[in-house]
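Encoded as structure tokens, the structure appears first; notes follow it.
The values are calculated or read from the model by the stated rules, or taken from the named source; none is laboratory data. Source: prediction; values computed, not measured. Glycine gets a Cβ as well: all are built from the backbone with ideal geometry, and neighbour counts include every protein chain shown.
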Amino acid sequence: MRIDIFTLFPGMFGGPLNESILRRAQEMGALSIVLHNIRDYTTDRHHTADDTPYGGGGGMILKPEPIVAAVEDVIPLDKGIPVILLSPQGRLFTQTVARELAARERLALICGHYEGVDERVRQLVVTDEISIGDYVLTGGELAAMVIVDAVARLLPGVLGDPDAPDKDSHSGGLLEHPHYTRPPVFRGLAVPEVLLSGHEARIARWRRRESLRRTWERRPELLLTAPLTEEDRAFLVKLAEEELARRMRDEEAVSDRGPRDAAGPGRPPT
Ligand code: 9D3
């Protein structure tokens, strides 16, 4: 896969793209990343890439001419290559979007910076707009690197084993179970006995349940879409019942306390 990246700050990409898996992916020939400095496509004496917004308000807006010139110079716009603008207004980047992008032969990523990009860039060259989450970055560069990273690891041959258990979003829509390696006891904390038992079926069941427990505790909304067996559902009902019992016990402890010791520990558990 070839990814063309359009940015005012190509220097930001050096580190992350030239280490570890992304470096290997490029050396293997599975991934080719081509950086384009938008400033190289300015035509005025001062190489101006941004300007103040029409209508007033603060901040600077990226001018349309250099971005459009850069994209038109590098990307054949009639070939169906996705031209993706990274922006806070884009659709949310998820593992599903990563898979969709990894299936393409070529991508173009445009990194905005400052307060935004002149709207005519969207009208003329952009086919898709992506945000990596609801927080404010200084520009699209880190977002582009996140996308490159998530897409690159899905390309054939980039990760060791093509059917490694991972590859899916979170092991079938759930969060992962806890992981352990040697030593068996570290600072008094033991590895759960079952993992040392060699009983494959029991280990699989323990891992599945810990996945369900973590998902229930941290990301319960994932349970609405994860594929679940009847056994999974029964285990979740047990977790829910335990939580309900815990809440009722805590509620009782609160009502048993007088206002004077309201901050105290309450009645000791019976
Ligand atoms: C106060 C209005 N701001 C929008 C939230 C303006 C603004 C701030 C920062 C516009 C652009 C940016 C730079 N951010 C990106 O270019 C960006 C981004 C992000 O900030 N969050 C998540 N994903 C992305 S992708 C590109």
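Condition check: outside the structural domain of T94 (by TED's automatic domain parsing) and touching a helix residue (DSSP H, G or I) at 6+ places or on another chain (Cβ under 8 Å). Does L244 satisfy that?
No; evaluated as a whole, the condition is false for this residue.
Would you mention how many residues in the range 114-157 are more than 19 Å from P10 (Cα to Cα) and of a type in the set (D, E)?
5
Would you pick out the residues in the range 200-223 that are of a type in the set (A, V, I, L, M) and under 20 Å from the mean Cα position of the chain (by Cα)?
Answer for the range 200-223, where residues must be of a type in the set (A, V, I, L, M) and under 20 Å from the mean Cα position of the chain (by Cα): L222, L223.
I need the full set of residues from the range 221-261 which are in contact with a Pro (Cβ under 9 Å, 6 or more places away or on another chain) and of a type in the set (A, V, I, L, M), in order please.
Once the filter is applied, which keeps residues that are in contact with a Pro (Cβ under 9 Å, 6 or more places away or on another chain) and of a type in the set (A, V, I, L, M), the range 221-261 yields only A253.
Can you tell me how many residues in the range 227-270 are small (G, A, S) and at pLDDT 95 or above?
Of the residues in that region, 3 qualify.
Where in the range 78-147 are there strands (runs of 3 or more DSSP E), lying fully within it, with 2 or more residues that are within 9 Å of the ligand (Cβ to nearest atom)?
It comes to 83-92, 128-131.
Residues of the range 136-191 being among the polar types (S, T, N, Q) and at pLDDT below 95, which ones?
Of everything in the range 136-191, those that are among the polar types (S, T, N, Q) and at pLDDT below 95 turn out to be S169, S171.
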